[in-house]
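Here the structure comes first, spelled out in structure tokens, and everything after it is commentary.
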Amino acid sequence: MNPVGEPITLANEFTEVVVQRVDTRNGARLLISAPKTGQWISLDPLEVEALTWQNARTLTAMVGNTGAPLLPDEDQPSP
């Protein structure tokens, strides 16, 4: 991954994230990282657009499931 431009840090009283455009051999991606947890995700343009399709209920469910994916991987047992 090759960073493009300067990273942008967004923070509030709950968290901090760093957003950076990166170029990969498969095209541009948005790299989002959470310095406090070390978690990160790289999203392609369609995945970023898919965020705009979500409603408040979906985002609330994601935030309410802190530290874990909303839907577990298929090979992972349900809690």
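The values are calculated or read from the model by the stated rules, or taken from the named source; none is laboratory data. Treat the numbers as computed from the prediction; the structure is a model and nothing was measured. Cβ: placed from backbone, ideal geometry, glycine included. Neighbour counts: every protein chain shown.
Only residues that are of a type in the set (Lys, Arg) and either touching a residue at least 24 places away in the same chain (Cβ under 8 Å) or not in a strand (DSSP E or B) (or both): list them for region 18-43, please. Break it down into steps so the answer makes sense when it comes.
At the first step, the residues of region 18-43 found to be of a type in the set (Lys, Arg) are 21, 25, 29, 36.
ARG25, ARG29, LYS36 - these are the residues of region 18-43 that are of a type in the set (Lys, Arg) and either touching a residue at least 24 places away in the same chain (Cβ under 8 Å) or not in a strand (DSSP E or B) (or both).
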Exercise for review: Give the residues of region 1-17 that are among the hydrophobic types (A, V, I, L, M, F, W, C), over 13 Å from TRP40 (Cβ atoms) and in a strand (DSSP E or B), sorted by residue number.
Suggested key: VAL4, ILE8, LEU10, ALA11
Practice item. Evaluate the following for GLY27: is it on the phi > 0 side of the Ramachandran plot and not hydrophobic (A, V, I, L, M, F, W, C)? Key: yes
Practice item. Would you be able to tell me the number of residues in region 38-78 that are at pLDDT below 95 and closer than 24 Å to ASN2 by Cα? Key: 0
Review point. If you check LEU43 against the conditions, is it surrounded by 11 or more Cβ atoms within 10 Å (Cβ to Cβ) and over 24 Å from THR9 (Cβ atoms)?
Key: no
Revision key, fill the gap. Going through region 44-68 in order, the residues found to be under 24 Å from VAL22 (Cβ atoms), outside any helix (DSSP H, G or I) and either among the hydrophobic types (A, V, I, L, M, F, W, C) or touching a helix residue (DSSP H, G or I) at 6+ places or on another chain (Cβ under 8 Å) (or both) are TRP53
